[in-house]
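Following: one structure in structure tokens, then a few remarks.
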Amino acid sequence: MPQNADQHGTAAGLAAIPFTRYLSAQGTVQGCLPDFAKQRTELTALYAGMLRTRLFDKKAVALQRTGRLGTFASSLGQEAAAVGIAAAMRPEDVLLPSFREQGAQFWRGVRMEESLLYWGGDERGSDFAGPRQDFPVCVPVSTQYPQAVGVALAFQLRGEARCAVAVGGDGSTSRGDFHEALNMAGVWTLPAVFVINNNQWAISVPLSSQTAAAALAQKAVAAGLPGEQADGCDVIAVRDAVERALARARSGGGASVIECISYRLSDHTTADDAARYRDDAEVSRHWAAEPLRRLRKHLQDAHGWTRQEEEALKAEIGSEVEAAAEAYLATPPQPDTAVADYLYAGLAGAVPPIPAQPAEARDG
Ligand SMILES: Cc1ncc(C[n+]2csc(CCOP(=O)(O)OP(=O)(O)O)c2C)c(N)n1
């Protein structure tokens, strides 16, 4: 988190990179809240979206630990970024998520059991009943950015007022795809928003070993795009920053880069043990500023959020998560051949026969 940075102020030493935060780490308000954040209903919806993500996350990890789910990428501590991004989008926009944006997917209508099917290795989990045009989870790091350029170009060519929103991690900004995508989005003034979810780690690689750049948002500048930072544990800041970037893109102003600064409180995935490469004290420090606690404190102080309301919401979402897990566990598995069903329209004749090789070519 940049020190001596304030709302709409400038991160230390970065004249061109604005930084937005409305809720301090303690949940107190800084500056003047945007209109949506003055309304209790809006704030409780954002809080519910984050709680839904967290309770789902806990269940998914438990399912994996008991052998009933494949490897799972937790989003513990990153709920504000996911929910803030999705809350800023319109239904007709297209989300191109990485593998840690369950909260954004749920907000946009992806069902929890679909997500569990995906993490359970079932292709049907990517065939969302809800946001039909949203992209499936993207595991290859950084490929979602050039895909977003393609989507945004299609919107531009068709004259549609829609935007593509791609999300990736801090590590994803070290790959060529990221820079190529930003470059073309700049040249073609595309309606795209590139969100960097800077959770400080790319598996065991800390940010300091990933880049010498003082801010990842700075990487926008070379592509001629505006780049800014938001406190990624403040859902209000994320939604506000992404909303402004989307408004700009929708009105023909072109693409932007938003770096959301958060912290990955979990292991990288359930196949990882972060205790082997990072310090417990660092993790504990970040728990104090996590997104749910922050917004809950504000809801209590400014909107009279009660313990009863908290318990009722937890119970409601808890039942939703249990029902999704049951639906997932009750889904009959796909046949083994399904692995090829979603790769090619048809296999027969798709691969030309390999001509016989002369013996010397084979051996040499
Ligand atoms: C092209 C590619 N190379 C390597 C990997 C292996 N891999 C999976 S996640 C990851 C690190 C990603 O870090 P970051 O972009 O910061 O995202 P985070 O996991 O922190 O959300 C890597 C290297 C991959 N999935 N894709």
Counted residues, region 18-68 - those being open to solvent by less than 20 Å² (accessible area, probe 1.4 Å) and either closer than 30 Å to ALA325 by Cβ or at pLDDT below 95 (or both): 12
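Inspect region 329-338 for any residue being in a helix (DSSP H, G or I) and either under 21 Å from the mean Cα position of the chain (by Cα) or not β-branched (Val, Ile, Thr) (or both) and give the result as yes or no. If you could, list the steps in order and put the result at the bottom.
Filtering region 329-338 for residues in a helix (DSSP H, G or I) gives 329, 338.
Still in the list and also either under 21 Å from the mean Cα position of the chain (by Cα) or not β-branched (Val, Ile, Thr) (or both): 329, 338.
Yes.
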Identity of the residue in region 263-285, in a helix (DSSP H, G or I) and open to solvent by less than 60 Å² (accessible area, probe 1.4 Å), that ends up farthest from the ligand (Cβ to nearest atom): ALA281
Region 212-267, subset among the polar types (S, T, N, Q) and touching a Gly at 6+ places or on another chain (Cβ under 9 Å), residue modelled with the lowest pLDDT: GLN218
Residues of region 96-126 that turn out to be of a type in the set (D, E, K, R) and at pLDDT 95 or above, as a count: 6
Subset of region 259-301 [among the β-branched types (Val, Ile, Thr) and over 11 Å from CYS233 (Cα atoms)]: THR269, THR270, VAL283
Members of region 189-201 that are within 9 Å of the ligand (Cβ to nearest atom) and open to solvent by less than 30 Å² (accessible area, probe 1.4 Å): ILE196, ASN197, ASN198, ASN199, TRP201
Any hit, region 239-255, residues being within 21 Å of ALA37 (Cα to Cα), of a type in the set (Val, Ile, Thr) and either away from the ligand (no atom under 15 Å from the Cβ) or surrounded by fewer than 24 Cβ atoms within 10 Å (Cβ to Cβ) (or both): yes
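If we keep just the residues of region 204-235 that are part of a loop (DSSP other than H, G, I, E, B) and within 16 Å of the chain's Cα centre (by Cα), which is farthest from the ligand (Cβ to nearest atom)?
Applying the filter and picking the extreme gives ASP234.
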Hey, ARG100 open to solvent by less than 30 Å² (accessible area, probe 1.4 Å), touching a strand residue (DSSP E or B) at 6+ places or on another chain (Cβ under 9 Å) and touching a residue at least 24 places away in the same chain (Cβ under 8 Å) or not: yes
Among (1) of a type in the set (A, V, I, L, M, F, W, C); (2) free of Cβ contacts under 8 Å to residues at least 60 places away in the same chain; (3) under 20 Å from ALA80 (Cα atoms) - the single one ALA222 does not satisfy: (3)
Odd one out for GLY186 among (1) open to solvent by 30 Å² or more (accessible area, probe 1.4 Å); (2) out of contact with any strand residue (DSSP E or B) (no Cβ under 9 Å at 6 or more places or on another chain); (3) over 30 Å from TYR277 (Cβ atoms): (1)
Residue match in region 165-178 (condition: buried (at least 19 other Cβ atoms within 10 Å of the Cβ), more than 8 Å from the ligand (Cβ to nearest atom) and of a type in the set (S, T, N, Q)): no
Selection count where residues are assigned to a helix (DSSP H, G or I) and not small (Gly, Ala, Ser), scope region 78-114: 11
Test set (1) in a helix (DSSP H, G or I); (2) at pLDDT below 95 - ALA152 fails condition number: (2)
Of all residues making up region 205-238, the number that are surrounded by fewer than 18 Cβ atoms within 10 Å (Cβ to Cβ) and out of contact with any Asp or Glu (no Cβ under 8 Å at 6 or more places or on another chain): 10
Lone unmet requirement of (1) in contact (Cβ under 8 Å) with a residue 40 or more places away in the chain; (2) farther than 21 Å from LEU63 by Cβ for GLU311: (1)
Top-ranked residue in region 115-149 [being more than 19 Å from the chain's Cα centre (by Cα), surrounded by fewer than 21 Cβ atoms within 10 Å (Cβ to Cβ) and in a loop (DSSP other than H, G, I, E, B); ranked as nearest to the ligand (Cβ to nearest atom)]: GLY121
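The values are calculated or read from the model by the stated rules, or taken from the named source; none is laboratory data. Keep in mind it's a predicted model, so treat the numbers as computed, not measured. With ideal geometry, Cβ positions are generated from the backbone for all residues, glycine too; neighbour counts draw on all protein chains shown. Just the protein is used for accessible areas: all its heavy atoms, side chains included, with ligands, DNA and RNA removed. Shrake-Rupley method; radii C 1.70, N 1.55, O 1.52, S 1.80 Å.
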